[in-house]
Amino acid sequence: MELKMFILVVVLLVGSLMPLRGASSSLGTGTTHDNHGLQNHQNSSDTTPSKKPFPVLSFDYDHVRTPFEISLWVLLASLMKLGFHLIPSMSSIVPESCLLIVVGLLIGGLMKLVGENPPVLESNIFFLYLLPPIILDAGYFLPIRPFTENLGTILMFAVVGTLWNAFFVGGLLYGVCQLEGHRLGNVDLLSSLLFGSIISAVDPVAVLAVFEEIHINELLHILVFGESLLNDAVTVVLYHLFEEYTSVGTINVTDVFLGIVCFLVVSLGGIVVGAIYGILAAFTSRFTSHLRVIEPLFVFVYSYMAYLSAELFHLSGIMALIACGAVMRPYVEANISHKSHTTIKYFLKMWSSVSDTLIFIFLGVSTVAGPHEWNWIFVVSTVIFCLVARVLGVVGLTFMINKFRIVKLTSKDQFIIAYGGLRGAIAFSLVYLLNEVHFPMRNMFLTAIITVIFFTVFVQGMTIRPLVDLLAVKKKQETKRSINEEIHTQFLDHLLTGIEDICGHYGHHHWKDKLNRFNKKYVKKCLIAGERSKEPQLIAFYHKMEMKQAIELVESGGGSKLPSAMPSTISMQNIQPKKPPQDRALPQLSKAREEEIRKILRTNLQRTRQRLRSYNRHTLVVDPYEDGWNEILIKKKKMMELEKKISQMNNYLTVPAPPPDSPTIARARLASDPQAWGMKSVTESIPTIKVDLASPQSPESVNVVDELSKKGSQPKVSDEEEDGLTMKVPSPVKQRKDKKPDEEDDKEPQQRFMRCLSDPGPAAEEEDEDEPFLP
Amino acid sequence: MGSTNSTLLKIPNVEVLMQETGFSPAHIIRLHDRFKALDKEGRGYLCPQDFGAIKELAMNPIGDRIIGAFFSPGKETVDFHAFVKILAHFRPVDKDRPKEPNSPEPINSRSNKLKFAFQLYDQDKDGKISRDELLKVLRAMLGMQVTEEQLESIADRTIQEADLDRDDAISFEEFRKSLEKVNIDHKMSIRFLR
């Protein structure tokens, strides 16, 4: 049912495209309002030019022509995408890119039937508007760790593999053309090498489109994808090199040497340009705490400028974009608000999705539109040579690479890498850019490239999923890292660095450690605002997990029970630091529930802020809520015991909200209500406190700690919630209790913590969810 | 080659060493040179101060534990054999080695690597990582940047996640299980020692 309506809408849209274009073209370049469209018919009988009746309704298409058409195309693309997901059976067999190309073909066909000239994928539009969002999306969310671990392999495939492909295909095609003679005779060596270099590059758009749907394991994904990104430099250099010299006809050794130098300049230059813009963006984001709304804009504009600047100098724009995104990401994410992060993520995904849809549709349309010259031998041999070159290249390179890898690539991996070498729109656009004068066989090239693209996208794209299943290739593991893994991996990193130092070997870990140290010492201080610069990665990770759990707890805590059962815990949660940048999977709460939560948060936060504002760093000598803190601990301990009893009774694995009428819980809740003890401690703000108060309390606190540690059988969730609560509030009490010898240096961080907490930050009212409350 | 042979001969029981650890002669020589460089006084064995002289190791948060791992309990010196045996843990795993049914597990097997790492956590050698031991490690790694509460919360959370038999400590099996997704062969290997 929905499908039929959907198709109807789409047909109407497409239908509206034609007459509009027909109308506009037949009207020529008409300018004035009055003479257009309907008005024309109405006034045709009226010959007096002096006074016409006032035009109530006029039709002026040219005025809005360009944006209107662009919007129509974008709308069409989005509706197509929507449509495919309404047909689940199709989308599981055929990858989206194939369906989109088919749609493009249909539209192109329709347009041709109507007599319209279907638009071709303009290279300018493609390179300047359609490609950057996709690459930025890929670069910003590039998984850095697997990328750097496999960088050597990726570079080998990208550089050496592409060069091999280019020369193999180009050379063999030249041979074929020479052998064939007639009609192909004008393909000289340089032209065929140029063609080879264009067609040999694996296309990131196509790879992303297909690989995203098959959920292959991280290693293979990053290998193929990384290769598709990094081979841009090679393609750029080879393209310019051959294009430049085709008019002349020969290349000599100096040119080759210059080509190599050019390659280094193009790739490194692109990376440097990207890194500069990335650092600028990170630096800018440091100061945006007052104007959160435009934070995403900085990210997008700086990245786009990086791309354009690189293209300005004919450097590799793709590498610049990747470098920019990868460099700026850790610093920007530490600085920007949660909302900005979500905005950036969704905008990038949206733009890249639309771009990618448009690209494939246009590919289809251009196929129908573009001038074609079909030559069986050329096209078929191109396809065959491409496949053969890819397979040979991958096998040969893997053989060499495996000597240097710790985790070797198996033949299954090699097959997937070879099979995943898809060609796409970049190749098409590059051929389209060729000058007809210098390259009379351009149309033949176009046809051949389109055939190769279709072959790879349709045949390889459609069959890769069943092949992956057939070969039982490892899929992407869906589970996230546990905190154990995080801690132990860090531990192992330190261990390996230590062992490398003992061996006297400056290996992988040594340099990584040095880089991290440099990063922490200098770079983070410059680029990250405020106290976030000192937060170690493990803590950020831990916060993230706690937050997630807390949210899950809130959601599972039950609807009506939510307000009554959770006030104390939620208020404590709000003192927690800024929500973690990565991986914020906020659950879907109903509107009413959300409103309840918001109200609770608002009221409790106000209380929190009141409490915090009532003392500042100047009057604060000793932590005034030190005694309140111990009370909280005691209350919490009681709550935990109660919950333990409840869960033992109910055999739940998650903690249900305790029944609201339980008297002990109610008492505990009220007693631990922040406002209650908060006010008390303010009035008590006696600076002369309690170095001695600490001691009588310390045995008690010690008991509390021991109690806390005996939580073995407790249900996991409640524990985490409690632990999430214990985490934030700093406590000099605990420090003193532990009787550490090096207490002096504890004082300094404590002062710092207090300063942070007492200063709620600017514009705290609207920004309460976003403002980092930092330890 | 003559000089290398003579160096090899100087090392006592070098054949046994090579067989046990799987190092090639070139590696043994390289490690021997390093051993001699660390052993500044030429005594033929190393003591903790020699390790302490490596300045990068001093900056390592778990540097002293690593140094401690080289010395078996009670001994104050480590000779070349022990030195090489410990380092053998970090050799990359030979996937193509034929599995002889009766031979003992090689030192650089995944299991032994994990055992080595486990021992670095478990200082009192009771076979479990208790909460305190975990806290000590966390404190060493995270240092002054975090509060005691955070450390304790993290430690509690870690133990909770890994502890399957609810004894409030992480045994070796639980440790191994929590790292099953991590590629230990890759993570705990130094290419240089292949």
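Each reported figure results from applying straightforward, stated rules to the coordinates on display, with no laboratory input. All values derive from a computational prediction rather than experimental measurement. FYI the Cβ positions are ideal-geometry reconstructions off the backbone, even for glycines, and counts take in every protein chain you see.
Computed quantities for the displayed model
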| read-out | value |
| --- | --- |
| Exposure proxy ranking, count of Cβ atoms within 10 Å, fewest first, for A:Ser89, A:Ser411 | A:Ser89, A:Ser411 |
| Potential lengthening between A:Leu291 and A:Glu641 on full extension [0.36 nm per residue; Cα-Cα distance subtracted] | 121.5 nm |
| Cα gyration tensor shape for the range A:419-511, rounded if a/c is under 1.5, else prolate or oblate | oblate |
| Likely footprinting exposure, B:Lys115, A:Lys403, fewest C-beta neighbours within 10 Å first | A:Lys403, B:Lys115 |
| Packing-based exposure ordering (other Cβ within 10 Å, fewest first) of A:Val327, A:Val64, A:Val301 | A:Val64, A:Val301, A:Val327 |
| Spin-label pair A:Val253/B:Lys40, simplified geometry with 7 Å Cα→Cβ offset, distance in nm | 5.3 |
| Neighbouring partner chain Cβ atoms per residue of B:52-62, average, 10 Å criterion | 4 |
| Pair B:Glu15, A:His85: separation of 7 Å Cα→Cβ label points (nm) | 7.0 |
| Approximate spin-label separation A:Leu75-A:Val160, in nm, with each point projected 7 Å along Cα-to-Cβ | 5.3 |
| Using alpha-carbon coordinates, inclination of helix B:148-162 to the longest axis of chain B, degrees | 80 |
| Computed E for A:Tyr506/A:Asn435 - FRET, C-beta separation, R0 35 angstrom, nearest 0.05 | 0.10 |
| Degrees, to the nearest 10: B:110-121 long Cα axis against longest axis of chain B | 60 |
| Under 5 Å, built H, 5+ apart or other chain: amide partners of B:Asp39 | none |
| FRET efficiency estimate (nearest 0.05) - Cβ-Cβ, A:Arg65 to A:Lys475, R0 35 angstrom | 0.15 |
| Gyration tensor verdict on the range A:265-362 (Cα atoms; rounded if a/c is under 1.5, prolate if a/b is larger than b/c, oblate otherwise) | oblate |
